[in-house]
1. Out of every Cα pair in region 297-350, what percent are spaced more than 12 Å from each other?
2. Sorted from largest to smallest, which semi-axis lengths in Å does the alpha carbon gyration tensor of region 119-189 give for its equivalent ellipsoid, taking the root of 5 times each eigenvalue?
3. May I ask you to give the solvent-accessible area per residue for region 175-309, in square angstrom, as obtained with a 1.4 angstrom probe?
4. Percent of alpha carbon pairs in region 193-350 separated by more than 21 Å?
5. Beyond a 19 Å Cα-Cα separation, which of these cross-linked pairs lie in this structure: Lys175/Lys292; Lys154/Lys175; Lys285/Lys328; Lys175/Lys328; Lys178/Lys292?
6. Calculate, in whole percent, how much of the Cα-Cα pair population of region 163-213 lies beyond 13 Å.
7. Taking the Cα centre of each part, how many Å lie between region 143-177 and region 233-289?
8. Sorted by mean Cβ packing within 10 Å, highest first, what order do the peptides 303-311, 141-149 take?
Amino acid sequence: SSSLANVVANDALTKVGHDALTKVRPKTPARVTTLTIPSSMSSPLSPTADVFQLPPHTSALPALTDLTSLFSTLSLTPPFSPHLPPPPARQSPPHSNSGVTAVVEQEGYISLRLRHAVVLDISANQAIRLTNNLKNSSMSLSACTTQMALVHPKGRILQYGPRVEVQTEDEVNVKNAKIYPRGISFTANNMALVYLLDEAGARSTSDMFHDLYATQIVDTLFMESCQREGQSVTTSIRLLDMARYWRTEAGVDCWIIGHVFIQQTEDGLVTVERELQHGDVIVLKTSPSNGKVRFASPFVQMTASLGDESHMFLRSRDRRLHYSGQTKVFTVRNAGHSAGFDEEGELRIF
């Protein structure tokens, strides 16, 4: 059957119908075109600088084309207002800084255009989209912080509640993995079976995976978050009017916009932080110089990079996934067991 396996979503997620973020790639030995999710099924995707001036708010972008909706029924409003440390006393009014600009777009979100072609978008309800145009990578985080999407040249990641899906594509094959409460399931498009790695080891199982390359998952998640906030333009204008900025003695540019703390170093590295209710912090980082990205939350930690050590790594509690962009080896680990695919795309149990 080509239907999705039933999944149990947590209380923060609600079921949605046929409007899904992605389409489903059925488990077949060879890669085939994606299938539309049947409407009868449900899915769990339910500086101190002297020259920095924020220009007048503008509405410049044309309307976006319609995107498929996954998160329209999810509550994306932050349930609390996290505390951010105040800026140092050595602070001056915002002035221009090396071409950095901030505008409110007509869709209702703030767009902070940083140096080195890095763009940070913040919605009225504090959802985040961080784009590294030089290295073709981007990340987004929902306002409720329980959903995250990553697009990187080495792969894609989507978190929805307690589940995290990973997909990589190379000349060997297309590899998929899903971390969820039961364990880690994984497969490839040259395999006839899906495998589960849990406390008992590796064995075959039945599961299906979303095709994370079928849509622009980062943009979809962020725009759905924007649409959950009424009067978003007014709210974003107010947030931008209240924004604080300073530069440290080390030359790090710092901003606070609402509950989001942003830093950019002289070499372009951008760090974005959202502090959570109990003092935990969610961190997003991107480097325009080497293509490294990092995401860290209490639930999942992820890194990806380019170059001689190109890779993708993900950890959630005792479960880990590593993909080498050089060797194409794909490995999952859980409860002391390891399995995955070797350089030739063949199954290996380590």
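1. Result for the distance tail: 64 percent.
2. Whole-Å semi-axes of the equivalent ellipsoid: 25, 18, 5.
3. Normalised by residue count, the accessible surface of region 175-309 is 40 Å².
4. 64
5. Lys175/Lys292; Lys285/Lys328; Lys178/Lys292
6. 55
7. Between the Cα centres of region 143-177 and region 233-289 lies a distance of 25 Å.
8. Packing proxy ranking, top to bottom: 141-149, 303-311.
The values are calculated or read from the model by the stated rules, or taken from the named source; none is laboratory data. Everything numeric here is computed off the predicted structure, so don't read it as measured data. Every residue, glycine among them, receives a Cβ derived from its backbone with ideal geometry; neighbour counts consider all protein chains shown. SASA here: full protein model, heavy atoms, side chains in, ligands and nucleic acids out. Shrake-Rupley method; radii C 1.70, N 1.55, O 1.52, S 1.80 Å.
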